[in-house]
Structures are given as C-alpha cells and as structure tokens.
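First the structure, in the form of structure tokens, and then the observations on it.
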Amino acid sequence: MRIVSLLPSATEVLCAIGLRQSLVGRSHECDHPEGIDDIPVLTGPRPDERAPDTAAAPDTTERATRVLSPYAIDAELLRSLEPDLVITQDLCAVSTADVEQALAEVAGPDVTLLALAPTTLRDVMHDILRIGQATGAARNAEAVLRTCESRISAIHQRAASAPTRTVLTIEWFSPPMLGGLWTPELVSLVNGRALLARPGVKAPTVSVQTIAGTRPDVVLLKPCGLALPATLAQARDFLPQLPEDWPPFAARTIWATDGNAYFNRPGPRIVDSLEILAACVHPERFSIPATSAAVRVPAPER
C-alpha cells in the first residue's frame, strides 16, 4: 500500500504500527520520528492572500487542494506518487463528500481518503485503530493502543493519591487561548482540575485580564506549533503583562513545554504529554522525561 499522510500525528501512528516503508508522501509539518526526511514533502504554507486585487482566481486543482488541507499542496507531485490512501485533517467547513471529490480531482478516483478530527482522548486513541484498519495493520495498531492505555493507567493510578491542583494551560499567547479538546482530560488524569476549559471543546480565547484573575496552582505553556525555545521566547513577552503578585510567579509553578511535539499532536506521543504534565503538576512524584520536554519559567524581571 502506498500512503500519503498530510497529518503529523497520522505519520507518527503509521511509523508506530510498522508502516514507515509504505509512506510515499508527507506534509511539511511531519517531522517525527527520525528517519522520515527522505519522504517527499507535499505541502507548504499558502502564499499571502491579503492582496486580492493582484491575485489570480484559484483554478480547479487549487480549489480542490484547499479542501484537502489548510496548506498548499503540490497536486502534481501528489498525482505522481500514485497513493492508495491519503490521510488528512477533517476540515469542519466542508463535508466528507466534498473532500472525497477534491481528492478524486487531484489524485484520481481510486484513492481512499481517511479524514481525522479527534476532539477527545478517546478519539485520539480510536484514530490509532482507524489508521490500522485502513492500512491492514489492525493487529499492530491494537498493540500500540494497549501500550498507550497501559501507560495512561499507570500514570493515573500513581497520581490518584496526590493532592488535587488547579491547572491553567495556555495554548497561544496573542490572543491568549487556553488548552481545550483533550487537554482538560489529561489534566484530570493527573489529578488536576483544568481552569476555564472543558473537555472536547476547542481552545477558548480569553483576555490577559481573565488570566490575571485566576489563581492556578500550576501553569502550563504549550503553544500550538512552537518548540520549546520559541515558547520560552514568546513567554518572555507575554508573562510581564500579568500582575507581579500573580500566585504562580511566587510559587515557581509555571512550566514551558514543546507544544509542537507534545500536547497538540494527537498521536502516540499524547501519552508522553501526559507524563510531562504529571511531572509539572506533581514534581514530587514524577520526573520530567527530558529537559527538552519542559522547563520551569521564572517570574519576569521588571
């Protein structure tokens, strides 16, 4: 089977279930695991669309690729790869039928589509099975799922007797957005209580004043798409907007994480994310897996 993955999380699942050699194309954001650099890249950021007077109207192929991915797709390369299966994001703005039609226009009528849009931890785990079923690797997917569930259970049991702590997760800085979807579930699994966010609901946008009005025991900075160095850089601009007496400053309980590799990528490493979160919420019981995964952020100098 020849597979194109336009989702980083799907690429990680495919490699985890033993289908690295079946991958013939990937998105520009698929950067894990190691050893996939030689797989052709099909996507990239779309050109600046803020100058409609000078931009030509999109042709049929371009309109089709817009349905398949939020990024620009090299349609000619996609056709040349002759995939049997394309895995992409389920874009809520369009129907499955529209996506299937778009794929047929770009890659041919015999290509199978698998569109993923998890909103809960259960969805994330189920998508591992869906990918396994769609690729003939159901047994391997079940084995990966069992390992994930076992690790989740072990973390949950170990955290169950720890003190319950309130946790504020920040998914973006400007405007401030909080961690939604499966993030509140992860917080609950480590015996925490997520502030201002509900499971299965997209990240809410709030004001700096709203954040300043909270008194979390722990703060997790996990901006979507940002690695740890970029998160730390943006945190230096964001945190001084909060009052000096904000409790997490004195408590030294603000943590920055790699939101690109963890937390916002709904694949097998969501369990790694849970381990990182457990160490941030309960450092007396858990250890940070690696310094590249999360670090404490000091109060800003003023």
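What are the residues whose amide H is under 5 Å from the amide H of D90, where those residues sit 5 or more places off or on another chain and H is modelled from the backbone?
Those qualifying (amide H under 5 Å, at least 5 residues apart or on another chain) are L116, A117.
So how do E275, E82, E301, E105 line up by other beta-carbon neighbours within 10 Å, fewest first?
E301, E82, E105, E275
Quick one: putting +1 on the C-beta of Lys and Arg, -1 on the C-beta of Asp and Glu, what dipole do you get for the chain around its Cα centre, in Debye to the nearest 20?
The calculation lands at about 1280 debye.
Under a plain spin-label model, where a point goes 7 Å from the Cα along Cα-to-Cβ, how far apart in nm are A117 and K202?
Distance between the two pseudo-spin positions: 1.0 nm.
How big is segment 163-296 on each of its three principal axes, counting only the C-alpha atoms and giving the largest first in Å?
Computed over the Cα atoms, the extents are 36, 29, 28 Å.
Calculate, in nm to one decimal, what Q133 and D237 gain on full extension: separation in residues at 0.36 nm each, minus their alpha carbon distance.
32.9 nm
Residue farthest toward the positive end of the dipole of segment 163-296, with Cβ of Lys/Arg at +1 and Asp/Glu at -1: which of V219, V295, F249?
Most positive-ward Cα: V219.
Got a sec? Which residues in segment 1-45 would a label at D110 touch, if it sits 7 Å along Cα→Cβ and we count backbone N under 14 Å?
Inside the label zone: 1-2.
How compact is the chain by the rule of thumb for globular proteins, expressed as Cα Rg over 2.2 N^0.38 Å?
That works out to 1.07 for the chain.
Treat every Asp and Glu Cβ in segment 155-282 as -1 and every Lys and Arg Cβ as +1, leave all other atoms uncharged, and give the resulting dipole magnitude about the Cα centre to the nearest 20 debye.
Computed charge dipole of segment 155-282: roughly 220 debye.
Kindly list the residues of segment 210-254 that lie in the label zone of T291, defined by a backbone N under 18 Å from the point 7 Å along the Cα-to-C-beta vector.
Backbone N within reach: 228-233.
Just to confirm the number: angle between the C-alpha axis of helix 270-281 and the first principal axis of the chain, 0 to 90 degrees, nearest 10?
10
Any read-out appearing in this document is the output of simple, stated calculations on the displayed coordinates, not a laboratory observation. Quantities reported herein were computed from a predicted structural model and do not represent experimental measurements. Every residue, glycine among them, receives a Cβ derived from its backbone with ideal geometry; neighbour counts consider all protein chains shown.
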